[in-house]
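We did not get these values from a lab; they are worked out from the coordinates using the rules stated. Here the structure is a predicted model, which means the values were calculated and not measured. Cβ placement follows ideal geometry from the backbone for every residue including glycine, while neighbour counts extend to all protein chains displayed.
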Amino acid sequence: MVSSKIPKVLSIAGSDPSGGAGIQGDIKTIFAESCYGMAAITGMTAQNTLGVKAVIAVPDDFLRMQLDAVICDIIPDAVKIGMISEPSHVKIIVDMIDKYKLRNVITDPVIAPTSGVRFAHDEVLVNMIDYLFPASTLVTPNIPEAQTIVRAILDKRSRAAGEPVSAHKGELPASELTPSEMAELIGCHCDCSVLVKGGHSADGEATDCMWHKGELSIFRGRRIAAMSSHGTGCALSSSIASNLAKGESLAAAVQIAKAHVTAAIAGNMSIGSGNGSIDHEAILQQQRIQQDTINILERKPEERQK
Ligand SMILES: Nc1ncnc2c1ncn2[C@@H]1O[C@H](COP(=O)(O)OP(=O)(O)OP(=O)(O)O)[C@@H](O)[C@H]1O
Ligand SMILES: Cc1ncc(COP(=O)(O)O)c(N)n1
């Protein structure tokens, strides 16, 4: 029988019927991390490995009902938030974070998919910056998303100073900021921790930069020349949430998640005719190897040879 002590992780995200990203990718990741996965759906997409064709949001009341139904019965140890396509959904989710005092909230601001229609329009983005990011433990934009968020923050500052939008007096344009600078700017503005992911960087690495409690940490990674990278961001945020649910610190959770996602990319699974899903099974294998190693180390030296 499954122990009720199993860490529970809730994904609040959109459906990806092709199975690599969104709630489908999140549930696979959470399972591979040996946690119990739950999902409240913000909307549905019509997409495959070639791109996103359409997005449709669930009605506000229905999102509220899903969240209330799940959380009042099974309180999550961590929450991952993904696609949000309605401004009203941001406020509903923030109300739930407050109402149920949810902890370990990881927000992956999926603004636009790699290919296809945009998920989050300007009003959603503004609400995320004003309400959701300050309520999150960690926000995980990729580089283009971080640039869009920085631009929105600088536009807001210009507006507040009565200057023309995009004047950005005394500030470098978002495109000239480094990932570390963007993490710090967003983190300071929203009073939250920020991990800018390096999957889209132009250099040969896949290095992620985290701004957390006034300090920067760098998570280095080699770039893998893989054909299948659909769902890397979803897997990273779900894996961080799962490891926080298991009691890891934020820095350790990011470190473990990055190693797991690297293994999933290296799996180089060939699914579909476009950018296929990462190999979530590889996370399960890594997770088992880690657990076996911990079990061996926890045994007394005389028992280890057996
Ligand atoms: N080719 C790669 N090789 C190694 N690591 C990678 C590669 N691409 C992305 N990563 C890593 O995967 C994680 C997700 O980063 P990425 O920038 O791809 O997020 P994302 O764009 O939100 O993902 P998605 O493609 O799902 O939207 C990061 O830890 C990043 O460093
Ligand atoms: C429902 C949903 N959520 C998140 C993504 C991630 O986007 P990407 O296509 O860049 O991996 C996606 N494709 N679909």
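Multiply the residue gap between Ser175 and Glu303 by 0.36 nm, knock off their C-alpha separation, and tell me the result in nm, one decimal place. Walk me through the numbers on the way to the answer.
Values: separation 128, 0.36 × 128 = 46.08 nm, distance 5.66 nm.
Gain in length upon complete extension: 40.4 nm.
So what's the back-of-envelope 222 nm ellipticity for the chain, counting only DSSP H runs of four-plus at -39500 (n - 2.57) apiece and dividing by all residues, rounded to 500?
Details: 10 runs with 128 residues, N = 306.
Only helices count here, giving -13000 deg cm²/dmol.
What's the magnitude of the charge dipole for the chain around its Cα centre, counting Lys and Arg as +1 and Asp and Glu as -1 at the beta-carbon? Answer in Debye, nearest 20. Walk me through the numbers before you get to the answer.
Working: 28 positive and 34 negative charges, 119 e Å.
In debye, rounded to 20, the chain gives about 580.
Please state the equivalent ellipsoid semi-axes for region 42-149: what are the square roots of 5 times the Cα gyration tensor eigenvalues, largest first, in whole Å?
On the way: eigenvalues 104, 55, 31 Å².
The three semi-axes for region 42-149 are 23, 17, 12 Å.
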Normalised contact order of the chain, rounded percent, pairs of Cα under 8 Å and 6 or more residues apart | 18 percent
Positive end of the charge dipole of the chain (Lys, Arg +1 and Asp, Glu -1 on Cβ, about the Cα centre): tell me which of Ala32, Val117, Gly162 has its Cα farthest that way.
-> Ala32
Quick one: net charge around Ile27, please, counting Lys, Arg +1 and Asp, Glu -1 for every other residue with C-beta under 12 Å from its C-beta.
-> -1
From the residues Cys72, Ile186, Ala266, which one has its Cα farthest along the dipole of the chain in the positive direction, the dipole being from +1 and -1 charges on Cβ of Lys/Arg and Asp/Glu about the Cα centre?
-> Ala266
Evaluate E = 1/(1 + (r/R0)^6) for Ile289 and Leu50, where r is the Cβ-Cβ distance and R0 equals 30 Å; express this FRET efficiency to the nearest 0.05.
-> 0.35
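Expressed in nm², what is the orientationally averaged projection area of the convex hull enclosing the Cα positions of region 8-279? Walk me through the intermediate numbers first.
Numbers: hull surface 53.6 nm².
One quarter of the hull surface, i.e. the mean projection, equals 13.4 nm².
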Cα-derived Rg over Rh, computed across region 167-306 with Rh taken as Kirkwood radius | 1.06
Which of Glu184, Glu163, Glu123 moves the most in a Gaussian network model of the chain with Cα springs under 10 Å?
-> Glu163
Place the peptides 236-248, 217-229, 12-24 in order of packing, highest mean first, counting for every residue the other Cβ atoms within 10 Å and averaging per peptide.
-> 236-248, 12-24, 217-229
Sum of side-chain charges, Leu102 neighbourhood, beta-carbon under 12 Å (Lys, Arg +1; Asp, Glu -1) = +2
Restricting to lysines and to Cα separations under 27 Å from Lys99, and discarding same-chain partners fewer than 8 apart, the set is Lys5, Lys8, Lys80, Lys91, Lys213, Lys246
